[in-house]
Amino acid sequence: MSRPETTAPPELFYNESEARKYDSSSRMIKIQEEITTRAMEMLGLPNRPCYILDIGCGSGLSGQVLEEAGHYWVGCDISSSMLSVAAEQDSDTGDLCHADMGQGLPFRPATFDGIVSISAIQWLCYSNAADQDPKLRLNRFFSSLYTVMKRDAKAVLQFYPETPEQAVLIAQCASRVGFSGGIVVDYPNSSKAKKHYLCLSFERSYHVPRALTGAETMSVASGGAMSMAGSAAASAVGTFDALAAASGNVSVLGRERDEKTRRMTKNGRKALRKKHSVEWVRHKKEQMRGRGKAVKNDSKYTGRKRPTPF
Amino acid sequence: MRLVTHNLLRCNIRGLTEEQGYPLRIQADKVETIPAPFNGDLLQGMVRKMSWQGLQSALRDLGVMEEWRAMEGFPETPSDEFLQQLHHVLFEVHVQDGTLVCPTTGRSFPVKDGIPNMLLHEDEV
């Protein structure tokens, strides 16, 4: 099943029928509630009613959790169908706003005590028009986020990165505008339960919350020069620390993928599609071996272009 | 859209400074009053955060709370009556249909079914 983000822009993908799913599917409702509750736990809000911004509020599921916790919230979303469903709730303490987060957040400076976002910000990484540059949108989003948060506020943004590189891109953008923080990965060894939370703060000394089920934390660098870390995690919990920029390769402890799994990822399959490429030749040789045929061993010459034509 | 939300909204067209684009003028076509439970803690928190200037502008546009026109800011020790009235204007008055107008650029943002549309055109970003 392809990701929603590669299917259509969010204002079209989240049409009426999709919006209804969020309203009626008990599984979806339960998942969204769980994620929101976890995000609120990580926010660590004081024990009084606060002003919260819910970015990509969708059908208002997360808003309900905020309301039940006694907070006033403003939710913004780009899809009018989703907002219509959210409006049906007639929330006592929440209001809705039709806006595109990639254009910046239309609020006064230093307004919010906390920010949550559930499964939304990865949409910024996909451009749906020739003039929509993901990096620009990410930058606009994070700069405006920086502005509208109060100085003691935090942001917890749960998102679904398509690749580790995308997660790094998002986190780096956040750090570049001045935030401290990092990405917390809950249940990193389960493909279904795995959740990424980008936790942001203004405090230099901020430590991101501990991930669930012995999960490690991925931390990302702030500003200046990137230093290479062999693997992510343990070294710097809570500070933005360099991660894999140079090699373009992000390793997550305990998730070393074997040859077969790597080939079956999207980029792996793309390489396989090119007939007679090195990857294709290796794949074919492996296939033949599986069928029990006699196949020469692989070497550095496997699949290489020959110097002279046969 | 409650007035408490209107108090937070500003026009974020490119090129405006942080003080500009606020407060948005309200041209209301449909205003509703929907009762909401009084929450003293929430209200106290709001008073610290809100812009009195923004609130006055909204009340003037809607033509309500004339008696507050002369007040310079939130009272130091608000009376219970004041808090009740504040709760009413902030949380119970809903602008359902209308337009929000940026005081700096004149750009209008429509409000439909209580939801303001703050989407910008590509050349405004």
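The values are calculated or read from the model by the stated rules, or taken from the named source; none is laboratory data. Predicted model only: the values in this text are computed from it and were never measured. Methodologically, a virtual Cβ is constructed for each residue, glycine included, from the backbone with ideal geometry; neighbour enumeration extends over all protein chains shown. When the accessible area is computed, the model is the full protein with side chains, heavy atoms only, and any ligands, DNA or RNA have been set aside. Shrake-Rupley method; radii C 1.70, N 1.55, O 1.52, S 1.80 Å.
For the reader, a short list of remarks on this structure follows.
- Taking amide H as placed 1.01 Å from N in the peptide plane, A:G182 has its amide H under 5 Å from the amide H of A:C199, each at least 5 places away in sequence or on another chain.
- Protein-protein interface of region A:66-95, residues with accessible area decrease of at least 30 Å², isolated chain reference, 1.4 Å probe: A:Y72, A:D92, A:D95
- Annotation: amide H-H contacts under 5 Å for A:F107 (H modelled 1.01 Å from N, sequence separation of 5 or more, or interchain): B:R10.
- Carbon plus sulfur fraction of accessible area for the protein assembly as shown, probe 1.4 Å, in percent: 50
- For the protein assembly as shown, the percent of C-alpha pairs falling in each 10 Å distance bin, counted from 0 to the bin holding the largest distance, reads 4, 19, 28, 23, 13, 7, 3, 2, 1, 0.
- For region A:130-194 versus region B:95-114, the spacing of their alpha-carbon centroids is 30 Å.
- Computed on protein heavy atoms with a 1.4 Å probe, the accessible areas place B:R10, B:R60, B:R25 in the order B:R60, B:R25, B:R10, largest first.
- Solvent-accessible surface of region B:55-104, averaged per residue with a 1.4 angstrom probe and all protein chains in place: 47 square angstrom.
- Cα-only Debye scattering, region A:105-151: base-10 log of I(q)/I(0) at q = 0.25, 0.33 Å⁻¹: -0.94, -1.17
- Where A meets B: accessible area buried, both sides, 1.4 Å probe, Å²: 2700
- 0 to 90° range, to nearest 10: angle between helix B:52-62 axis and chain B longest Cα axis: 80
- Volume per residue that the Cα convex hull of chain B spans, once the total is divided by residue count, Å³: 110
- Along its principal axes, region B:52-125 has C-alpha extents of 47, 25, 19 angstrom, given from the largest down.
- Between A:K154 and A:I115, the built amide H atoms are under 5 Å apart, and every one of these is 5 or more places off in sequence or on another chain.
- Relative contact order (%) - criterion: Cα under 8 Å, at least six apart; region: chain B: 41
- In order along region A:97-106, phi translates into HN-Hα couplings of 8, 8, 8, 10, 5, x, 9, x, 9, x Hz, rounded to whole numbers, per the Karplus curve 6.51 cos²θ - 1.76 cosθ + 1.60 with θ = phi - 60° and x for Gly and Pro.
- Karplus-based coupling profile of region A:168-181, in residue order and whole Hz: 5, 4, 4, 5, 5, 4, 5, 5, 5, 7, x, 6, 9, x, with θ = phi - 60° in 6.51 cos²θ - 1.76 cosθ + 1.60 and x standing for Gly or Pro.
- Each helix, a run of at least 4 DSSP H residues, gives -39500 (n - 2.57); summed and divided by the residues of the protein assembly as shown, these come to -9000 deg cm²/dmol at 222 nm.
- Total formal charge among the other residues, if their Cβ is under 14 angstrom from that of A:G292, Lys/Arg +1 and Asp/Glu -1: +3
- Taking the convex hull of the alpha carbon positions in region A:1-144 and averaging its projected area over all directions gives 8.8 nm².
- Exposed loop sites were defined as GluC sites (Glu not before Pro) in DSSP loop states (anything but H, G, I, E or B) carrying at most 10 other C-beta atoms within 10 Å; in chain B the longest segment without such a site runs B:20-71.
- Antiparallel %, DSSP beta bridges [both residues in region A:67-221], to 5: 55
- Karplus-derived 3J(HN,Hα) values for region A:25-34, using 6.51 cos²θ - 1.76 cosθ + 1.60 with θ = phi - 60°, are 6, 5, 5, 4, 4, 5, 4, 4, 5, 4 Hz; glycine and proline are entered as x.
- Between helix B:40-49 and chain B: long-axis angle, C-alpha atoms, 0 to 90°, nearest 10: 50
- Dividing the convex hull volume of the alpha-carbon atoms in region A:8-85 by its residue count gives 87 Å³ per residue.
- Restraint check, A:K21/A:K195; A:K21/A:K135; A:K194/B:K49; A:K192/A:K285; A:K21/A:K154, Cα-Cα greater than 25 Å: A:K21/A:K135; A:K194/B:K49; A:K192/A:K285; A:K21/A:K154
- Evaluating kT/(6 pi eta Rh) at 20 °C and 1.002 mPa s, with the Kirkwood radius of region A:75-176 over Cα pairs in the Stokes-Einstein relation, gives 147 µm² s⁻¹.
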